[in-house]
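Derivation of every value follows stated rules applied to the coordinates shown; laboratory data play no part. Please read all numbers here as calculations on a predicted model, not as lab measurements. When we count neighbours, we look across all protein chains shown, and the Cβ atoms used for this are built from the backbone with ideal geometry, even at glycine.
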Amino acid sequence: MNISTDYLHALDGRLRIKVAEVKGSPYQARKIQDDLLGHQGIDYVKANPTTGNVLIYYQPDKLSQNEVINLIKEMGYLQESNALLASPSSEGGGLAGLVARAAMESALQTLVMALI
């Protein structure tokens, strides 16, 4: 499954994702915030129309990362693309590559915190 985003950063309960449709559109930023906040398990949403980034805090015991991403897709954002999304820091493209990179970043951050 491919989605049209080139940025995803995830920690347990926190997701930051670039949504192209939000960039440059204060209306879409407010709409995605309101729509996501209407779902059980989502605690906070901040969409930035300047950057196109959407920051989401969610309850990982109620929703997974993939479920949050699927909610965004069901709302009409992150439409699938025919081209594979390449990530310079991951070997895979598409959603799998983005999720793998996010999982690696999360694991590294946990390791660093354990060492401190």
Length released on extending from Glu74 to Leu55, taking residue separation times 0.36 nm less the Cα-Cα span: 5.1 nm
Nearby lysines by direct alpha-carbon distance to Lys31 (threshold 17 angstrom, same-chain neighbours under 8 apart not counted): Lys18, Lys23, Lys46, Lys73
Theoretical FRET efficiency, 1/(1+(r/R0)^6), r = Cβ-Cβ of Asp43 and Ala20, R0 25 Å, to 0.05: 0.55
